[in-house]
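**Student:** Below you will find the structure I want to go over with you.
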């Protein structure tokens, strides 16, 4: 008695499909921007004290310009203000700091958005902190960045 065996041909490309699908999914994650928390989006509007960008190699003393410090100091006497500082990592990813002061307050509210830092340490991509800074200066504001 002779048995016939059925040959099944496997398309070599079909074995690659799961790998290609995984690559497409992972590629979509690179550079993903995590949305801002509701508390940030719904924060009260404050007058702007400007925005500055710094690239790798900037000295810490140069991060916050005197004009921003003066604006935030004066804003404490009126209705508050906000200054935005963007620092780019060595890889070119932005980390954005939102410094906010309220009228008659000695605190600085700081929102930090590191959601586009692909090589960051992970964890929360948005941070919120309050820093006591009775006397505003470039040093006190950059100190809030490391305290938060």
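Every number in this text was worked out from the coordinates using simple rules, so none of it is lab data. Note that the structure is a prediction, hence the values are computed from the model and not measured. Here the Cβ is made from the backbone with ideal geometry for all residues, glycine too, and neighbour counts use every protein chain on show.
**Student:** Points 7 angstrom from Cα along the Cβ direction at residue 139 and residue 106: gap in nanometres?
**Tutor:** The modelled label-to-label distance comes out at 1.8 nm.
**Student:** 7 Å from Cα along Cα→Cβ at both residue 51 and residue 118: what's the point-to-point distance in nm?
**Tutor:** Each label point lies 7 Å from its Cα, and together they span 2.2 nm.
**Student:** Working out 0.36 nm times the residue gap between residue 58 and residue 127, then minus their Cα-Cα distance, what length gain in nm do you get to one decimal?
**Tutor:** Residue separation times 0.36 nm, minus the Cα-Cα distance, leaves 22.5 nm.
**Student:** Considering every Cα-Cα pair within the range 46-147, what fraction, in whole percent, is farther apart than 19 Å?
**Tutor:** Details: 2020 of 5151 pairs.
Value for the range 46-147 (Cα pairs over 19 Å): 39 percent.
**Student:** Shifting gears a bit: Quick one: if the Förster radius is 25 Å, what FRET efficiency do residue 93 and residue 39 give, using the C-beta to C-beta distance and rounding to 0.05?
**Tutor:** After rounding, the FRET efficiency stands at 0.60.
**Student:** Based on the Kirkwood radius over alpha-carbon pairs, what is the Stokes-Einstein translational diffusion coefficient of the range 82-141 at 25 °C with 0.890 mPa s viscosity, in µm²/s?
**Tutor:** Rounded, D is 197 µm²/s.
**Student:** While we're looking at this one, here's another question. So if each residue of separation counts as 0.36 nm, and I subtract the Cα-Cα distance between residue 146 and residue 79, what length gain in nm does that give?
**Tutor:** 21.5 nm
**Student:** If I take every Cα pair under 8 Å that is 6 or more residues apart in the range 46-147, average their sequence separation and divide by the length, what percent do I get for the relative contact order?
**Tutor:** The value is 25 percent.
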